[in-house]
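The values are calculated or read from the model by the stated rules, or taken from the named source; none is laboratory data. Quick caveat, the model's predicted, so the values are computed rather than measured. Cβ sites come from the backbone with ideal geometry, for glycine too, and all protein chains shown count toward neighbours.
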Amino acid sequence: MGMFSEILKAEPISREKLGRGVRNGSIVVVKNSERSIKPIAIGTGVKTKVNANVGTSPKNDKVDLELLKCFTAVEAGADTVMDLSVGRDIDKVRKRILREVKVPVGTVPLYQMFVGRNCADVTLDDMLDVVEKQARDGVDFMTLHCGITFDLVKKSRRRLIPITSRGGSLIAAWMLSNNCENPLYTGFDQLLEILKEYDVVLSLGDALRPGATKDASDECQLGELQNLGRLTKIARKKGVQVIIEGPGHVPLDQIEMNVRLEKEICGNAPFYVLGPLVTDLGVGHDHITGAIGGALAALYGADFLCYVTPSEHLGLPTVEDVRNGVIASKIAGHAADMVKLGTTKKDDEMSQARKNLDWKKMFSLALDKKIKDKYPDLENKHECTMCGKYCALKILEKYGK
């Protein structure tokens, strides 16, 4: 009940609805039992949450830089961060992030299972050992690609981009190398035992999310979703909380259908969307294409937005890319919450501040708390540089009296 009290301070939901949502799985509470952080709620009836991805790569394994990105993301409003490191010393990076970042932290354990090893030689016990190690360290939620099956891997070859998910490609490579079924699918019950022990939220990964709008909503994506629906029922019976990851590259006219289908197939489990990116042509500006898709997805019922940065498809994001990605997703999430939850109070306050030309108040209400640094002199002015003395508000104020 103490967890609920913390959540209720931040959410427009009653204790009764929160409790009912947690019991039926439409809301998850994210916090590993080993960590001393404030829990957050993700799901129906609470604010849309935003995740920021960070992590080292083989060509950039500067831990301090990734920590700076974490701090920047949280300062910009990220509700969670995920450590997607594949560089050297994955344990060291994860442990520092868990120690120094005070929001829920997620991982994709498949990376540590396979990085630096011959994927064909990895056993289920090896995989479970990594999951247990990360759970024991305090990871709050884990993306695990349990729903991609051998038949779907074969079908993915018909796609324009067969598999865009890094974790999905690793487990697919294992299946192809060993000519047998996904061990995370066949060994699902053993996996659940570990997650339950540490109160880790299971994020069922969409290994076959479309990496091209042409592949959106195809038999591979929807076949995996059907598997995730079955796995969700099993996890809930075992007392493990579940969220479902979703696409991916999806045209505007397919977003509503994708959200409604996930909710139907997966028993209204919280939906964690990666974008979605509504065009393949936004390279260099995919925080915008992702925010467009994220706003629509959240409006139709998605609960958790994974940010997309301007450097998506190009390389590791810079610190500024991280900020821009978080802000874009925060705007998308809030725009949806205005309609879903009626959270318009601050927007009305912003409009009143604009009417009064109260720059200080405007800056305090802005989702981007750093925007005032771009306009250091504005707080002392009575008009901006766009209209000057021809400001519409000042004209009406003068002649409307």
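Under the condition of being surrounded by fewer than 19 Cβ atoms within 10 Å (Cβ to Cβ) and either hydroxyl-bearing (S, T, Y) or farther than 16 Å from A207 by Cβ (or both), the residues counted in segment 175-186 number 5. Among the residues of segment 329-347, just one is surrounded by 15 or more Cβ atoms within 10 Å (Cβ to Cβ), among the hydrophobic types (A, V, I, L, M, F, W, C) and either in contact with a Gly (Cβ under 7 Å, 6 or more places away or on another chain) or more than 20 Å from D79 (Cα to Cα) (or both), namely A332. Could you go through segment 58-72 and let me know if any residue there is assigned by TED's automatic domain parsing to the domain that holds A336, closer than 26 Å to Y300 by Cβ, hydrophobic (A, V, I, L, M, F, W, C) and in contact (Cβ under 8 Å) with a residue 60 or more places away in the chain. No, because not a single residue in segment 58-72 is assigned by TED's automatic domain parsing to the domain that holds A336, closer than 26 Å to Y300 by Cβ, hydrophobic (A, V, I, L, M, F, W, C) and in contact (Cβ under 8 Å) with a residue 60 or more places away in the chain.
Filtered by the rule that a residue be in contact with a helix residue (DSSP H, G or I) (Cβ under 7 Å, 6 or more places away or on another chain) and surrounded by fewer than 19 Cβ atoms within 10 Å (Cβ to Cβ), segment 283-297 gives a lone residue, I288. Assess whether E181 counts as being charged (D, E, K, R) and under 20 Å from the mean Cα position of the chain (by Cα). In short, no. For segment 246-270, the tally of residues that are of a type outside the set (G, A, S) and either touching a Lys or Arg at 6+ places or on another chain (Cβ under 7 Å) or outside the structural domain of L305 (by TED's automatic domain parsing) (or both) stands at 1. Among the residues of segment 372-388, the one identified as closer than 27 Å to K47 by Cβ and surrounded by 13 or more Cβ atoms within 10 Å (Cβ to Cβ) is K372.
Restricting attention to segment 80-99, the residues that are surrounded by fewer than 24 Cβ atoms within 10 Å (Cβ to Cβ) and assigned to a loop (DSSP other than H, G, I, E, B) total 5. Taken over segment 100-126, the criterion of being over 24 Å from A78 (Cβ atoms), surrounded by 22 or more Cβ atoms within 10 Å (Cβ to Cβ) and touching a residue at least 60 places away in the same chain (Cβ under 8 Å) is satisfied by F114 alone.
Which helices (runs of 4 or more DSSP H) does segment 234-351 wholly contain that include 1 or more residues that are out of contact with any strand residue (DSSP E or B) (no Cβ under 7 Å at 6 or more places or on another chain) and among the small types (G, A, S)? Before you say what the answer is, go through the steps one by one.
Numbers: elements: 252-265, 286-300, 319-340.
Per the criteria, 286-300, 319-340.
Of the residues making up segment 353-377, those that are touching a Lys or Arg at 6+ places or on another chain (Cβ under 8 Å) and part of a helix (DSSP H, G or I) are A353, W359, M362, F363, L365.
Among the conditions (1) assigned to a helix (DSSP H, G or I); (2) in contact with a Phe, Trp or Tyr (Cβ under 9 Å, 6 or more places away or on another chain); (3) under 24 Å from V200 (Cβ atoms), T143 misses just one, which is (1). The set of residues from segment 57-67 being part of a helix (DSSP H, G or I) and either under 12 Å from K92 (Cα atoms) or within 19 Å of the chain's Cα centre (by Cα) (or both) comprises V63, D64, E66, L67. With respect to the conditions (1) modelled with pLDDT of 95 or more; (2) touching a Gly at 6+ places or on another chain (Cβ under 9 Å), G275 lacks only one, and its number is (1).
For R23, the conditions (1) part of a helix (DSSP H, G or I); (2) within 22 Å of the chain's Cα centre (by Cα) are fulfilled apart from (2). Scan segment 301-320 and give yes if some residue there is outside the structural domain of D83 (by TED's automatic domain parsing) and touching a residue at least 40 places away in the same chain (Cβ under 8 Å), otherwise no. No: zero hits.
Could we say that K238 is basic (K, R) and in contact with a Lys or Arg (Cβ under 7 Å, 6 or more places away or on another chain) here?
On the way: basic (K, R): yes; in contact with a Lys or Arg (Cβ under 7 Å, 6 or more places away or on another chain): yes.
Answer is yes for this residue.
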